[in-house]
Every structure is written in C-alpha cells, then in structure tokens.
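What follows is a short report on a single structure.
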C-alpha cells in the first residue's frame, strides 16, 4: 500500500472517530421537538451565567437559560429559562440557585423542588432565588473571618503572663521552683523528701 493511500485511509478513520465523539457528546444536550414552558427568576448577581446555560433539577437536565436582562429601575437581573417538557412539575415554593460546575467551572441553574401542591406555569417566576457566589468574594470573607479571630485572640486579658483561656496544669504551684524532674515544678519520687 502506498503512503498516499495509507494517509487517506488514516484521515478517514480519524474523521470517523472525531464524528463519533461529537455525536456522543451531543447526546447529553437538549434536542428534539418538545412542548415546554418558560419561567423567570430574578437574581442580585448573575456573574458567569450565560444564555444557553443548563438548568438542572435533582441532577437531571430539564432546561436552558434563554434570556438574561436587567430589570428596569432595579439593580437585579431577570433570567428566562425554558423547561423542555410540560410534564416536569415545579412547585411554586421551589427555589432556584446559580451553581458552579467545580471550583472554576461554568455556571448553571439548580432547581430545588418545594412541597406545594400548586405548580409553576408558563410565565411564572420563582419566589426564592440564590445569586451567584463570586470566588473572590468568598476568599475575602474567609480572610476577614481569620483577621477577626486573630484580633479576638490578641485582645484576651493576660494574668501574670498567662492568657485567661490557657489551661492551668494541675499539681503545679507558681511559687515552687522547677526541680529539674520530668514534670517541672512537681516533686517526683526521685527527689522527694523522705
């Protein structure tokens, strides 16, 4: 077999394998002729959440974000999301939150179903929402809590060089000079007076 035919054959096989991977990865997307409905949610911060982001409920993909807009006269963002199947029932007291796939992954919406017997319908809005948590904001909060603890520890009262929160060992008298024994100021049988 010549090099030319071998290269052509290798290229065809490579394209077939690539096509198979593309097909397998697209099987997890939402496709088809569904009759669904659109819901809305209002968030304070939607950083990183894009149109086309997935919507999950109980770990199952149920929809996509279709629109993102700023509410007029408010500092909130309205998200429109399309639920792909009308048979998916979302109670009116359900909550929706913006989550991150891993530490630095893409953002998605997660629906936590409520217990109400009445379901959300076309055009309804979620009452309970939780905005996106920015990683830098989270790190700032951790640093502030650490600084606060350090300030509290430095502000403790000290009596005779011992912080009030420090445990006082039993059997040790502050007036006794250490005897050189393994326990410091406590008399041990080797140097006890007989």
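Read-outs: derived from the displayed coordinates by stated rules, not from any lab. Keep in mind it's a predicted model, so treat the numbers as computed, not measured. All Cβ positions, glycine included, derive from the backbone under ideal geometry; neighbour counts span all protein chains shown.
If residue 104 satisfies all but one of (1) touching a residue at least 40 places away in the same chain (Cβ under 8 Å); (2) in contact with a helix residue (DSSP H, G or I) (Cβ under 9 Å, 6 or more places away or on another chain), what's the number of the condition it fails?
(1)
Select, from 87, 69, the only residue that is farther than 30 Å from residue 136 by Cα, more than 16 Å from the chain's Cα centre (by Cα), free of Cβ contacts under 8 Å to residues at least 60 places away in the same chain and surrounded by fewer than 19 Cβ atoms within 10 Å (Cβ to Cβ). If you could, list the steps in order and put the result at the bottom.
Numbers: 69 fails: farther than 30 Å from residue 136 by Cα.
Going through 87, 69 in turn, the sole match is 87.
Suppose we keep only residues that are touching a residue at least 60 places away in the same chain (Cβ under 8 Å) and assigned to a strand (DSSP E or B) within the stretch 34-65. Which one would you say is surrounded by the fewest Cβ atoms within 10 Å (Cβ to Cβ)? Walk me through how you get there before you give the answer.
Quick first cut of the stretch 34-65, residues touching a residue at least 60 places away in the same chain (Cβ under 8 Å) only: 37-49.
This time we only want the ones that are assigned to a strand (DSSP E or B), so: 37-43.
Details: 37: 19, 38: 14, 39: 23, 40: 16, 41: 25, 42: 17, 43: 22.
Once the filter is applied, the top-ranked residue is 38.
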